[in-house]
1. Can you sort Met199, Met109 so the residue with the fewest Cβ neighbours within 10 Å comes first?
2. Using a Förster radius of 22 Å, what is the FRET efficiency between Ala55 and Arg113 based on their Cβ-Cβ separation? Nearest 0.05, please.
3. Given H placed on each backbone N at 1.01 Å, which residues far from Asn176 in sequence or on other chains put an amide H within less than 5 Å of it?
4. Please list, in chain and number order, the residues 5+ apart from Leu65 or on another chain whose amide H is under 5 Å from its amide H, with Hs placed from the backbone.
5. What FRET efficiency comes out for Thr41 versus Arg168 if R0 is 30 angstrom and r is the Cβ-Cβ distance? Round to the nearest 0.05.
6. Which of the lysines could be linked to Lys194 by a straight reach, that is with a Cα gap under 25 Å, when you skip same-chain ones fewer than 8 residues away?
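Nothing in this text is a laboratory measurement; each read-out follows from the coordinates by a stated rule. It should be emphasised that the depicted structure is a prediction, and the values quoted were computed from it without experimental measurement. Virtual Cβ from ideal backbone geometry, glycine too; neighbours counted across all protein chains shown.
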Amino acid sequence: MSGGFGAPFVAQSRDALKRQATPPSGSSPEAIWHQVYDTQTYTDNTTTSLTFFAAAQTDPTLGNLPTSGVFPSPQIFKIHNICVDFIHAVGVSTSATTVGNINDLYLLMFVGRPVWTLNISDKTYGPYKLTALHGTGSLNAQLSSTVATVSQQFGTNTPVPGWNYYGRIIIPEQNNFNIRVAFAAAQDLTADVKFVVSMFGVLSRRVL
């Protein structure tokens with residue numbers, strides 16, 4: 001998401017910093033960079049569509065939307081990046097054939113011809129190709145094999161910059177929204193795969 005750690009800065013006076021940290025009035029919100037994410041399971045040979053953010057997750061490692069399908073009042077979210085990550089049943093797959101993690105990703109991203117649609121109240125954005133949504137990050141990995149008949153496969157979605165609305169699409173408070181991913185047909189994978197859809201952007205919320 002950035003070129004490295006740190007950022008250019010200049011020293012500021014204490015008064016200037018206090019003005020920046022304090023809203024000008026009690027009704028002014030604070031704005032923070034935020035990631036909202038949700039996880040759904042693609043069931044091998046069965047799934048043809050997945051809907052994200054329709055329900056709140058009880059496990060914070062799977063999703064962090066506090067309420068089902070809406071940002072509660074007085075939260076307003078300006079969308080920038082939309083990303084998708086894939087979590088395999090095993091990190092590295094081993095097989096004597098071509099099946100495995102890399103092949104599963106190829107089926108999910110290309111053969112299944114998946115498209116995604118953003119829905120906010122009665123408005124839709126899309127459908128667009130899932131390949132336009134890139135990953136939030138990946139591992140630097142090295143693989144080796146000493147058995148000629150066994151393949152080892154490790155694959156993730158590319159983390160290079162992908163879809164960005166640059167804050168031009170806004171989800172108002174208490175307005176229903178979701179992201180739906182639809183496939184042309186169910187895909188025959190080696191195992192179920194978890195999809196994680198993330199939206200990065202600016203969240204405006206009440207100052208405590």
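1. Numbers: Met199 26, Met109 18.
Exposure proxy ranking, most exposed first: Met109, Met199.
2. On the way: r = 26 Å, r/R0 = 1.20.
The pair Ala55/Arg113 has a calculated efficiency of 0.25.
3. Counting only residues 5 or more places away or on other chains, the set is Ser121.
4. Those qualifying (amide H under 5 Å, at least 5 residues apart or on another chain) are Tyr37, Gln57.
5. Working: r = 32 Å, r/R0 = 1.05.
Computed FRET efficiency for Thr41 and Arg168: 0.45.
6. Lys129
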